[in-house]
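> Below is the structure I would like to discuss, written out as structure tokens.
The values are calculated or read from the model by the stated rules, or taken from the named source; none is laboratory data. Everything numeric in this text was worked out from a predicted model, so none of it was measured. So basically every Cβ, Gly included, is an ideal-geometry build from the backbone, and we count neighbours across all protein chains shown. Accessible surface is based on the protein model in full, side chains and every heavy atom, while ligands, DNA and RNA are left aside. Shrake-Rupley method; radii C 1.70, N 1.55, O 1.52, S 1.80 Å.
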Amino acid sequence: MTINYKSVFDIIGPIMIGPSSSHTAGAVAIGKAAHDIFQGRPTTITVHYYESFAETHLGHGTDYAIISGVLGFAPDDPRVPDAVEIAQKQGITIELIASAEPSPVNHPNTAVVEVSNAHRTIEVTGVSIGGGTIEIRGLKFNGYTVTPEGPLPFVLAIPKANETVESLKTKLLAMSEINMQKRYTSENAAILYEFDLDSRLHSQQIEQLRQETECLIYI
């Protein structure tokens, strides 16, 4: 897969706390994706590491980095190194598993993050591709199995009953070029649409889309 850097900061690396942009800042971003999808307070966080992540997750701070992302912390938040202890004090059960199996998505820096509580469970498969930049290769939530194929950002959306996917797409095109569009179905649920974007959206644009959809996830 071609690596598409959006700016020079993707190469230099982010402002962060931790020893490695790939294994720390990138791990925070993977955890943050799980946080944004889950949209609630978890009781259990389970992380499966593969290949390079499995070998170095403890020494490179990947453990606390992913948990800090799930808690919603930014990469430069001073609480990042204490995220595991903070989560445990909140009553969250944490399980960190270094797998001897190959990455399920053929990348050495792979983490599969499962976040759950009594009401729901979501799963995020993310890879860290360098400089704090990540790709999300798989999502499972609300009965949907989503398989993004390109770099961030992307939008997952369910249009409101009085909206069509074409009208939603028109609104998105006023904000960013769309590199790819996919659709997903879930038993007894509405069609979920994925739009891979060429540029990041502003917070006001995200809020506008949120008001016009039944479900909106922006990563």
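> With respect to L201, determine if the residue is open to solvent by less than 10 Å² (accessible area, probe 1.4 Å) and either out of contact with any helix residue (DSSP H, G or I) (no Cβ under 8 Å at 6 or more places or on another chain) or outside the structural domain of A65 (by the TED database) (or both).
no
> Report the residue count in the stretch 116-148 for those that are part of a strand (DSSP E or B), of a type outside the set (V, I, T) and either closer than 23 Å to S52 by Cβ or in contact with a Pro (Cβ under 8 Å, 6 or more places away or on another chain) (or both).
So the answer is 9.
> Could you check the stretch 181-198 and list, in sequence order, the residues that are polar (S, T, N, Q) and open to solvent by less than 30 Å² (accessible area, probe 1.4 Å)?
S186 - this is the single residue of the stretch 181-198 that is polar (S, T, N, Q) and open to solvent by less than 30 Å² (accessible area, probe 1.4 Å).
> Turning to a different aspect of this structure: Would you check if L152 is of a type in the set (A, V, I, L, M, F, W, C), at pLDDT 95 or above, in contact with an Asp or Glu (Cβ under 9 Å, 6 or more places away or on another chain) and open to solvent by less than 50 Å² (accessible area, probe 1.4 Å)?
It is false that L152 is of a type in the set (A, V, I, L, M, F, W, C), at pLDDT 95 or above, in contact with an Asp or Glu (Cβ under 9 Å, 6 or more places away or on another chain) and open to solvent by less than 50 Å² (accessible area, probe 1.4 Å).
> Restricting to the stretch 37-61, name every residue that is at pLDDT 90 or above and touching a Phe, Trp or Tyr at 6+ places or on another chain (Cβ under 7 Å).
Within the stretch 37-61, I37 is the sole residue that qualifies.
> Of all the residues that make up the stretch 65-89, how many are out of contact with any Phe, Trp or Tyr (no Cβ under 8 Å at 6 or more places or on another chain), open to solvent by less than 40 Å² (accessible area, probe 1.4 Å) and either under 19 Å from H48 (Cα atoms) or outside the structural domain of A25 (by the TED database) (or both)?
Counting residues in the stretch 65-89 that are out of contact with any Phe, Trp or Tyr (no Cβ under 8 Å at 6 or more places or on another chain), open to solvent by less than 40 Å² (accessible area, probe 1.4 Å) and either under 19 Å from H48 (Cα atoms) or outside the structural domain of A25 (by the TED database) (or both) gives 7.
> Being small (G, A, S) and either over 19 Å from I136 (Cβ atoms) or under 19 Å from the mean Cα position of the chain (by Cα) (or both) is the filter here; which residues of the stretch 157-198 pass it?
Once the filter is applied, which keeps residues that are small (G, A, S) and either over 19 Å from I136 (Cβ atoms) or under 19 Å from the mean Cα position of the chain (by Cα) (or both), the stretch 157-198 yields A157, A161, S167, A174, A189, A190.
> So is L173 surrounded by 19 or more Cβ atoms within 10 Å (Cβ to Cβ) and outside the structural domain of G72 (by the TED database) or not?
No, not satisfied.
> Do we find that V113 is crowded, with 18+ Cβ neighbours inside 10 Å, within 11 Å of the chain's Cα centre (by Cα) and in contact (Cβ under 8 Å) with a residue 24 or more places away in the chain in this structure?
yes
> Okay, next question. With respect to A189, determine if the residue is among the aliphatic types (A, V, I, L, M) and assigned to a loop (DSSP other than H, G, I, E, B).
When the stated conditions are applied, A189 passes them.
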